[in-house]
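Before any comments, here is the structure.
The values are calculated or read from the model by the stated rules, or taken from the named source; none is laboratory data. Source: prediction; values computed, not measured. Here the Cβ positions follow ideal geometry from the backbone for every residue, glycine too, while neighbour counts run over all protein chains shown. Keep in mind that these areas ignore ligands, DNA and RNA; they rest on the heavy atoms of the full protein, side chains included. Shrake-Rupley method; radii C 1.70, N 1.55, O 1.52, S 1.80 Å.
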Number of protein chains: 2
Amino acid sequence: MKNLFLFLALLLFTTCATLTDSTVQKVANTMSPKKADYALVIHGGAGTIRKENMSAEKEKAYLDKLNEALTVGENILKNGGTAADAVCQTIMVMENSPLFNAGKGAVFTNAGTNELDASFMDGRTQNAGAVGGVTNIKNPILAARAVMEKSEHVFLTAKGAEQFASEVGLELVDPAYFYTERRWNSLQNAKEQENKSGYLNYDNPDYKYGTVGCAALDKAGNLVAGTSTGGMTNKRYNRIGDAPIIGAGCYANNNTCAISSTGHGEYFIRYAVAHDISARMEYLKEDVATAGNAVIKDKLVKAGGSGGVICVDKYGNVAMPFNTAGMYRGYAKPGERVVKIYEE
Amino acid sequence: MKNLFLFLALLLFTTCATLTDSTVQKVANTMSPKKADYALVIHGGAGTIRKENMSAEKEKAYLDKLNEALTVGENILKNGGTAADAVCQTIMVMENSPLFNAGKGAVFTNAGTNELDASFMDGRTQNAGAVGGVTNIKNPILAARAVMEKSEHVFLTAKGAEQFASEVGLELVDPAYFYTERRWNSLQNAKEQENKSGYLNYDNPDYKYGTVGCAALDKAGNLVAGTSTGGMTNKRYNRIGDAPIIGAGCYANNNTCAISSTGHGEYFIRYAVAHDISARMEYLKEDVATAGNAVIKDKLVKAGGSGGVICVDKYGNVAMPFNTAGMYRGYAKPGERVVKIYEE
């Protein structure tokens, strides 16, 4: 009888231990066991982007520019360059294009100015930099990176951030550089609609969306993320959205993933979206796709927040979840290239 | 034989199920099963605050003001008022005192101005508001709350935030209101030290610390947090710290806890300290003290970030972890009142 109990106890112990092991194994198996040499993922904004409202030319222009941005970043990573350089150079392609709401294509504030925000985070050191409300820095992503690398601070704003950018030698432009007819007309439409109906329907994709972002894994295994935006058309009161908020618009941690967000920024701040995805991977051991879906397609949807994120984990797995009709997005890995606009 | 296998299988199943249940039970037991009627917890900054450097008068002045602030908030909660009102009124007592680096006692920037930041978050709705870099709003915590309640935004800055505050009828002051001889002398000392040694030793508690914050649980079970600061002495470039960053300096979620942070803001942003504590409670099922300690006394210490947080969970359990020599802090619950400065 004593032997039977011993046998039972041993059986119980080994079975429970095996169960625990197999649970761990299951979690590990949902992530790619083989690390990709490098991976690069980008977005150019999420919103009510529908095929029926898009001309063939416009669609081609977006897909071409997304491909161009990916190629610039992929060449850096392929040749052993850093994720930091890849993220900056990739985002600059989109900042320099009038297609996206960042840099050259930034939307106008209620006062008819352009106020740009950007952020940058290094997953190895978990150091970060951001600028908010800048008006004369050609590439705000470079300013965000410079704040991280050349200041003791994380977040510089307005004239102070511009002075800092000037001191570290970044290219400044006349604020008129950011004028585009398309965005100016959007502001006029927004004001007209607001005057008529007393409020602004931000479902219009021209008003709020088009933030750009990039996340990369380099051959050294480092993760970096960056985000750049012009914010919301017709914004007032020096409003700052999620793009320059570390933990909301951008996050990177070599132990989890690198993330850039786009969408209705206020919700992304309140739900600390980028950090939340990283936290789910860290604490719940979810893979990057599961964590991204849980936050974007469940938590944010229940809260009423629209938008999406792009993520890459330490194995080079990419995820691009969004809860809107479309998101300009794409990724590049060795032997793989994807660019997409609409929901599958 | 078949019966023996059935018996074994059943035994295994029930034992494993019991193990899982007991694990859940263990987690639940570490949190107080009985909800306190209300709870209020505050801080007035963490730093190198040592008894040997503190006069008896100064110590008494701080303890008296912390008690005064707690009494104001406790009276609101005791009488069935909201956590939102308690947090605002409690923080205003500290903002209106020259003892703390917030409101009246705000430190000076390198340019000799005072630029104030504040944030506010409601755990029931997870809505939030914040202001950054404001110079003429007497009580920035009221502006943060107004951004949450009366705008569609979360984060307004500089002149825009001041215009908003004026439009919603908040009390504005001449920026000279924020002049105090003590803080002005701190700036002169800071500049002198920087000129001599080429850098500023932020270990001097007068330079960086003194941010105030409050978190409260009201009788309706709602959690609210708020934070207010003057930032860092001698700060440049319109630097913004963690105080107005939702997820870093402030967070609240009725399902987890309400948190306010104080310390070296750049680290609190990079590690999304306030949201990380909430995430550990949500995902790891840690109680508020365990989660607070894990982030403040382990993760932040390893990263080199100094400071502390105050937290209250949905049961009214409070935690006040810090990794510095001292933190002005205290809490009030039915029949309980604690105010402290130094490490135990």
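See the values below:
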read-out: Sites B:N195 and B:V338, calculated FRET efficiency, Cβ-Cβ separation with R0 60 Å, nearest 0.05; value: 0.90
read-out: Label-point gap, in nm, between B:K302 and A:N79 - each point 7 angstrom along Cα→Cβ; value: 3.6
read-out: Cα-centre dipole for the stretch B:39-342 with unit charges at Cβ (Lys and Arg positive, Asp and Glu negative), debye to 20; value: 500
read-out: Cα-centre dipole for the protein assembly as shown with unit charges at Cβ (Lys and Arg positive, Asp and Glu negative), debye to 20; value: 1080
read-out: Solvent accessible area, Å² - B:W184, 1.4 Å probe, full protein context; value: 90
read-out: Dimensions (Å) - the stretch B:206-344, Cα atoms, principal axes, largest first; value: 42, 31, 27
read-out: Projected area averaged over orientations for the stretch A:57-163, convex hull of C-alpha atoms, nm²; value: 7.7
read-out: Counted charge near B:Y237, where neighbours are those whose Cβ lies closer than 14 Å (Asp, Glu -1; Lys, Arg +1); value: 0
read-out: Shortest-first nm distances, B:K302 label point to equivalent points in other copies (7 Å, Cα→Cβ); value: 3.0
read-out: Reachable aspartates and glutamates, given that their alpha-carbon falls under 12 Å from the alpha-carbon of A:K138 and they are not under 8 places away in the same chain; value: A:E95, A:E115, A:D117, A:E162, A:E171, A:D174
read-out: Sites A:T113 and A:E59 - FRET efficiency at Förster radius 25 Å, r taken between beta-carbons, to 0.05; value: 0.25
read-out: Unit charges on C-beta of K, R, D, E only; dipole of the stretch A:63-108, Debye; value: 60
read-out: Average beta-carbon neighbours from other chains, 10 Å sphere, peptide B:147-154; value: 5
read-out: Environment charge of A:C257, counting only residues whose C-beta is closer than 15 Å and scoring Lys/Arg +1, Asp/Glu -1; value: -1
read-out: Label distances, nm, A:L172 versus same residue in remaining copies, Cβ-directed 7 Å point; value: 2.8
read-out: Charge dipole of chain A about the Cα centre (unit charges at C-beta), most positive-ward option of A:I296, A:A158, A:T48; value: A:I296
read-out: Alpha carbon Rg of the stretch B:39-342, scaled by the compact-globule rule 2.2 N^0.38 Å; value: 0.90
read-out: Net +/- balance of residues flanking A:N139 in space, Cβ distance below 12 Å, scoring K and R +1, D and E -1; value: +1
read-out: Segments A:166-179, A:234-247 sorted - mean Cβ within 10 Å per residue, highest first; value: A:234-247, A:166-179
read-out: The stretch B:64-69 - phi-based ³J(HN,Hα) in whole Hz, Karplus 6.51/-1.76/1.60, Gly and Pro as x; value: 4, 5, 4, 5, 4, 4
read-out: Distance from the stretch A:112-178 to the stretch B:38-57 (C-alpha centre basis), Å; value: 36
read-out: Interface A:B - total buried accessible surface [probe 1.4 Å, Å², rounded to 100]; value: 4100
read-out: Estimated 222 nm signal from helices in chain A, with DSSP H stretches of n ≥ 4 weighted -39500 (n - 2.57), rounded to 500; value: -12000 deg cm²/dmol
read-out: In range of the label at A:N255: residues from the stretch A:273-312 whose backbone nitrogen is under 13 Å from the point 7 Å along Cα→Cβ; value: A:278-285
read-out: Integer Hz, Karplus 6.51/-1.76/1.60 couplings in order for the stretch A:175-182, x for Gly and Pro; value: x, 5, 3, 7, 6, 9, 4, 4
read-out: Per-residue mean of C-beta atoms belonging to partner chains within 10 Å, peptide B:271-278; value: 5
read-out: Using a 7 Å Cα-to-Cβ projection, A:E336 label spacings across copies, nm, ascending; value: 5.1
read-out: The protein assembly as shown: proportion of alpha-carbon pairs further apart than 50 angstrom, %; value: 14
read-out: Normalised convex hull volume, the stretch B:93-252, alpha-carbon set, Å³ per residue; value: 108
